[in-house]
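Here, each number is a calculation from the coordinates, and none is a lab measurement. The model shown is predicted, which means the values in this text are computed figures rather than measured ones. All Cβ positions, glycine included, derive from the backbone under ideal geometry; neighbour counts span all protein chains shown.
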Amino acid sequence: MSEEFADAFGDEEEHSPAGGHSHTEPEPELVYSSAVEFFADLLAQSYLREVNEGAAYAWCPEWYKHPEALIRMEAIWRAWEHLRLEPALGVSTWWLNHADPHMRILMDKEGPFKKCAYDGHKTPARDRNALPHTTPEAGIFD
């Protein structure tokens, strides 16, 4: 994942076990080493849609160059790595609550790939600002 979003998932934090006990379950090994590998090997093969050039869906083959797409794909991948271990409803939960909602937004004609839909990848404008935000006055949430 890009350095830009590394802290969004708390990768650098260490979590101590509840109650201070030192006996913890080992973390399961990841199936995929990155969101890009996950997308290429599993997700891209699962979404069979006509995209771009007049289709109902937009997609950019260089999706990883779009900040919104990169962080959403990272979230989809991490959710899959976790939920794949749930034997009963894990995969269904992943599709309904993670993959489909994020992919609907990413593939929307007005979504992050809007400018890429007809002429190939268009790098997002550097001068484009984030959503407007004003810092709240001190004490507003006390």
Extreme residue, farthest from A79 (Cα to Cα), among residues of the range 28-68 that are out of contact with any Asp or Glu (no Cβ under 9 Å at 6 or more places or on another chain) and aliphatic (A, V, I, L, M): A55
Residue, farthest from H98 (Cα to Cα), within the range 64-85, restricted to residues that are out of contact with any His (no Cβ under 9 Å at 6 or more places or on another chain) and of a type in the set (F, W, Y): Y64
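Would you check which residues across the range 33-71 are in contact with a strand residue (DSSP E or B) (Cβ under 6 Å, 6 or more places away or on another chain) and of a type in the set (F, W, Y) and list them?
To start, the set of residues in the range 33-71 that are in contact with a strand residue (DSSP E or B) (Cβ under 6 Å, 6 or more places away or on another chain) comprises 49, 51, 57, 59.
Passing the criteria: Y57, W59.
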Test: residue in the range 63-81 that is surrounded by 10 or more Cβ atoms within 10 Å (Cβ to Cβ) and free of Cβ contacts under 8 Å to residues at least 24 places away in the same chain: yes
Criterion (of a type in the set (G, A, S), in contact with a Pro (Cβ under 9 Å, 6 or more places away or on another chain) and loosely packed, with under 14 Cβ neighbours inside 10 Å) met by exactly one of G139, G120, G54: G120
